[in-house]
Amino acid sequence: MRRSATARDASAGRVLGIGHGMVCGGEPDQSRAARARSIQTPDDLRALIAHHEAGHAIACWHFGIRVTSIRIDASGRGVCNFKMPVDMAERIRTRAPGFERLVEVADTVVVAIFAGYYAGLRYAPDAETPSEHDEALARQLLDAARAVRTYGAREEALRCIAAALVAARWGAIEGLARMLLRDGTVNVEGRAA
């Protein structure tokens, strides 16, 4: 996946928030700390959601997608705001000029969405908390891309990429999650990936 082209396309779009409310071919990372971690208190839930939002942000940065802010409030609601092309799913579905490139951009956005899920799963494997908003957005983009593709099984491949990215960038995800827990928000407008 080409980082610079994704960043160029994504920077022309609108701000999109993906908020919270398996490793391919195997089980989630089951480190001793992760196996022992359970979500029992509001602070535990807040930490889980901080890791979820950090997963979105680190994946966006990995692909050159501009993140504008990441927030988590005292109750544990979180959001990661980033830019993506306006009406991307509709432009793909209607085969608007340049739709082929938008399918590639949609793939990176879907990976960033899935990365939030996998970061939360890695942080606390027994506390799976899928986000309906995230799943709906990913489904919208996947369905639009599926309508113009001649090959299948793409969702599984994108999930595998997201899981591998989370594993590879776990240190950065943990560091960003700690910042979120400490400060509540990370304003990243204008910062380089």
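The values are calculated or read from the model by the stated rules, or taken from the named source; none is laboratory data. Given the structure is predicted, the values throughout are model-derived calculations rather than measurements. Positions of Cβ are backbone-derived with ideal geometry, glycine not excepted, and every protein chain shown enters the neighbour counts.
A count restricted to region 82-131 and to residues that are of a type in the set (Gly, Ala, Ser) and touching a strand residue (DSSP E or B) at 6+ places or on another chain (Cβ under 9 Å) stands at 5. Considering region 147-171, the residues that are surrounded by fewer than 16 Cβ atoms within 10 Å (Cβ to Cβ) and modelled with pLDDT of 95 or more include one that is nearest to Ile70 (Cα to Cα), namely Gly171. Here Arg91, Arg71 are screened, and the one residue that is assigned to a helix (DSSP H, G or I) and at negative phi is Arg91.
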